[in-house]
1. Sum up the charges of everything whose Cβ sits under 10 Å from the Cβ of B:TYR27, counting Lys and Arg as +1 and Asp and Glu as -1, but leave B:TYR27 out.
2. Which of the trypsin sites (Lys or Arg not before Pro) found in region A:72-116 are loop residues per DSSP with 14 or fewer other Cβ atoms within 10 Å of their Cβ?
3. How far apart, in nm, are the 7 Å Cα→Cβ label points at D:LYS149 and D:ARG110?
4. For region C:129-236, state which trypsin sites (Lys or Arg not before Pro) are in a DSSP loop and have at most 16 other beta carbons lying within 10 Å of their beta carbon.
5. Which whole number gives the average, over all residues in D:238-245, of C-beta atoms from other chains lying within 10 Å of the residue C-beta?
6. When you have a sec, figure out the Kirkwood radius of chain D from all distinct Cα pair distances and drop it here in Å to one decimal?
7. Please give the FRET efficiency for C:ARG90 paired with D:SER241, using the beta carbon to beta carbon distance and R0 = 30 Å, rounded to the nearest 0.05.
8. Simple spin-label model, 7 Å along Cα-to-Cβ: C:MET174 to D:GLN187 in nm?
There are 4 protein chains.
Amino acid sequence: MTNPTATLLISCPDQRGLVAKIANFIYANGGNIIHSDQHTDFAAGLFLMRIEWQLDGFNLPRDLIGTAFNAIAQPLGAKWELHFSDTIPRIAIWISKQDHCLLDLIWRQRAGEIAAEIPLIISNHHNLKEIAEQFNIEYHHIAINKNNKAEQETKQLEILQQYQIDLVVLAKYMQILSADFIHQFPQIINIHHSFLPAFVGANPYHRAFERGVKIIGATAHYATADLDAGPIIEQDVVRVSHRDEVDDLIRKGKDLERVVLARAVRLHLQNRVLVYGNRTVVFE
Amino acid sequence: MTNPTATLLISCPDQRGLVAKIANFIYANGGNIIHSDQHTDFAAGLFLMRIEWQLDGFNLPRDLIGTAFNAIAQPLGAKWELHFSDTIPRIAIWISKQDHCLLDLIWRQRAGEIAAEIPLIISNHHNLKEIAEQFNIEYHHIAINKNNKAEQETKQLEILQQYQIDLVVLAKYMQILSADFIHQFPQIINIHHSFLPAFVGANPYHRAFERGVKIIGATAHYATADLDAGPIIEQDVVRVSHRDEVDDLIRKGKDLERVVLARAVRLHLQNRVLVYGNRTVVFE
Amino acid sequence: MTNPTATLLISCPDQRGLVAKIANFIYANGGNIIHSDQHTDFAAGLFLMRIEWQLDGFNLPRDLIGTAFNAIAQPLGAKWELHFSDTIPRIAIWISKQDHCLLDLIWRQRAGEIAAEIPLIISNHHNLKEIAEQFNIEYHHIAINKNNKAEQETKQLEILQQYQIDLVVLAKYMQILSADFIHQFPQIINIHHSFLPAFVGANPYHRAFERGVKIIGATAHYATADLDAGPIIEQDVVRVSHRDEVDDLIRKGKDLERVVLARAVRLHLQNRVLVYGNRTVVFE
Amino acid sequence: MTNPTATLLISCPDQRGLVAKIANFIYANGGNIIHSDQHTDFAAGLFLMRIEWQLDGFNLPRDLIGTAFNAIAQPLGAKWELHFSDTIPRIAIWISKQDHCLLDLIWRQRAGEIAAEIPLIISNHHNLKEIAEQFNIEYHHIAINKNNKAEQETKQLEILQQYQIDLVVLAKYMQILSADFIHQFPQIINIHHSFLPAFVGANPYHRAFERGVKIIGATAHYATADLDAGPIIEQDVVRVSHRDEVDDLIRKGKDLERVVLARAVRLHLQNRVLVYGNRTVVFE
């Protein structure tokens, strides 16, 4: 599996012959498919597919694959993305004051669970700077207040560009991004500390406690302009009881948050997530 | 354990000596405690307790226990309920068109999992009458429309009284009860087909599908005038994926609904649920 | 989706071009694929695939599909099965004294969750005969003891043949089938009341209680001559605590057993389970 | 809750008046009970209780509580332990080559989730020494081979004594401790990377893969001379599928291991675990 692979994520109007045409393209060029999975959303009339093949022995050079595949995709009205497994994506982790998701992502990256580089941390606070130093990650402090948001977002975009960032992970970044920012940099995964759509917005654990729920959750989703309403990638839950006070919910929730966020980031980096409308197909 | 027991559910302002005073009351009268559990809600300054003891060898006759305990409870400002395990409660199951929760409750009652009688089914539809006949349960059809609700609720209350019903279980009864009805008959458990507070209201599975959640849930709670906002007794969840269409969510949800409702009814009948504010303590 | 479909389950040595060849076969004959999923077991060098397409508009008559596909499959060294969604399989449910899995399967079949006929119940006891009568299912009592097993198995095989049974579901049938029986009728799903391979054999709940586990489980698997060692289709678990006595484990376990068994039967009937070695691929 | 508390863990033959006598002892001395929970094991005829009260306002000085309570406990034939919440236990973490449980425990201790000091790490390998240095924890390398085990265990016991260790946490320490060692230092929590009693012994993930299970688990238990057979404190599980290779099971298992171990350590440190026979009561 250390063999480099190419992956296509494809969506198009459902029609006869799609699997055959796509598989033929790979076979005709000598590729060995190692993962092929498709989903049809009948209500939406949409065909969605993930197909991954070994580049070893594939006859097309990498820079021609896209053009060649487009000749097939265009007549089908297909949208598609092409990824190579040995192109290592670059992640910026955005944080506020809490360190558990940040540390967890760094550990996983160091342990080889997350195939990415983490060259950059952005925070609106100073308190976790030491962690960045310890792991030799650049740390940019960008304070946000009511008046400077637009200006600071411009700065953030510049830094993302400067570090050639492919994915922003909001690892408990307690600020809202503007629609304009997300429009300019749409590859953002956020962790929300509730089982969405329950407890949209601030202080979900306090509200979960007040509501007296018996289960709490966490949700990893792509960020959209509409807060906490983006396409969900992964969710998980844990049981709580009357004995759990707000602090206990927060503590138990942390364990959920880091696992759910890490799973979502990993799925995204393996190009297993296909967004359509406000939904995701997760090709596991 | 076939020995009959008495159970006290007590709540009062937190203060020194509560466990001792309550346990002494039972010990002084020769009772053998088989379950004693308490919870302190520090924020609310509230002490909550469940204590169960064997009546065999207890010196007080049943009809005097309440009076005797009140002498202790009153100075403490305590609210309390006294239950005997061999007083079999009488349940009315209310249904609309779906049978899975109804059948499940009947099966569990027949299997001895639910210690209650089920003498009455009320429905706003006709289609499940056969089930009632098959199990020799009285079936009252009470149609509800926009104009006759108040009138029909009066009729329902009369029937509940006539059958000496202790607990109403809304087993997928797709009608809203008025605040007035609930005020007059507050012992009502409802099953809501979502992980509350997500998807309050109608068609939760359709909305879960649209939102693209990765987990669905079910919630059993006491009915209150504010729809789907009553104290939660039990919740559970199951994973779903992009492959699950609305029909699949409904199918998977049914399995949750019947288990969650049955657990809640059982906990209630064993006097393990203590409501305070909009929360429950479940003494498992 | 009420459109009839054909499904191929295929396994063969991994090699280039498999997806293309299989998809081409369907496309060339005018079929519209609605589900296509494959898995490669790299360690075993094995390619496994499920592909389902609509028969409406497919150019090959049903009785020629197998022969036509075999021309493709044989050179690949492939094993395959072909199923039509409108061929309704016939199930025999085998039981001993417990009714919960039996009732559950019947309910689901009546509710349309399980697309099969249930013409036959076989039991080594008399006590559930009434249920068979109530649902108009034939009930054969075949008592098993130490001396008559071989003889009774012959009788059982005759009855299965007589009723044209496609699948035997051991719904808490507390007898062991001989290797010879399983060899002659291999399509058997069993529910074991533990999280296999924990507590193989008899009385798993008693042994789980003694071991003091904090979670119990249930396992649905294909029956093999080696007891409780067959390929696992589905498992699930539920938390227990020190408060749960053996009776509580049995009660909680029942809820697991019926759900796990029902899921496995449904997956099997939808031709989503492919066995290889002692493992299953479940194409969900 | 920052108020220091005392906690009694009590077990004795079941008899009338136990809750009253114990609660009276605390009330008579002016204590305010904040947690009181008991369990009766009817089969074993055993009463088990945890009771926690605030020391603020308690009339007995700490060093007399034990003696005073013994006057009550002895006639009852009770075994008991007394703990004070502001006596911070000292943990030694034992590791081999894997760092995930170690890092997790350190992180939780730093975050205040685990109320203990971690002055000591013991390992039979060198590779994680850096972590110890980074967090200012003493690191003792004690290599184990077939011939030096008894000798090295003597050394380990000396070091435990030297550092005044209260609890050993085997955080993926891949060596077996002798019965003699455990006899001399019985306070040991181990994490086993399977859902015990499934896959006792070595390489549980490899064996889980071979068995084709659909769920894997992790188990935290007290160490006993009989490997993997000690009293279970906590277990949890996660779903896997045919797509998960051994490496995926290991990766998913790591997330279980660290959470399950951390929960068990926390429960132990809060004196919520009472062992009797080979079972635990966990007073949550």
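Please treat every number below as a calculation from the coordinates, not as lab data. Keep in mind the model is a prediction, meaning the values are calculated, not measured. Cβ sites come from the backbone with ideal geometry, for glycine too, and all protein chains shown count toward neighbours.
1. Values: positive: D:ARG16, D:LYS21; negative: none.
Residues close to B:TYR27 contribute a combined charge of +2.
2. Values: sites: A:LYS79, A:ARG90, A:LYS97, A:ARG108, A:ARG110; in loops: A:LYS97.
Qualifying residues, ordered by number: A:LYS97.
3. 3.6
4. C:LYS146
5. Numbers: counts 2, 4, 1, 6, 10, 9, 1, 4.
If you average over the peptide's residues, the count of other-chain Cβ atoms is 5.
6. Averaging 1/r across every pair of different Cα atoms and inverting gives 20.5 Å.
7. Details: r = 29 Å, r/R0 = 0.98.
About 0.55, to the nearest 0.05.
8. In this crude label model, C:MET174 to D:GLN187 measures out at 4.6 nm.
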